[in-house]
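Shown next, in structure tokens, is the structure this report addresses.
Just so you know, all these numbers are worked out from the coordinates, no wet-lab data involved. Fair warning: this is a prediction, and the values are worked out from it, not measured in the lab. Neighbour counts run over all protein chains shown; Cβ positions are idealised from the backbone, glycine included.
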Amino acid sequence: MSSKPPKLRGKARARHSPYPIGEFPDDVIIGIGRYIVHRLAVGGIDIPGDDFAGMFADSISGTHRQKPLEV
């Protein structure tokens, strides 16, 4: 297999992800773990998708957007 990114139709350029697949830095994992432990400590039973998206965004110092096309 080659290491070249796949060719896309049209004029869009391929985007590269900030982390290789399946490899996250330890601080991201620890950040998400902190939020999960806090949620369980205050009595939360489940974590909805929007809440997890916010946890992930905070752990990578990003911005959580409610809608995918929000600018």
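Points to keep in mind about this one:
- Subset of segment 20-65 [outside any helix (DSSP H, G or I), hydroxyl-bearing (Ser, Thr, Tyr) and over 30 Å from residue 3 (Cα atoms)]: 63
- Subset of segment 31-54 [closer than 17 Å to residue 18 by Cβ and hydrophobic (A, V, I, L, M, F, W, C)]: 32, 53
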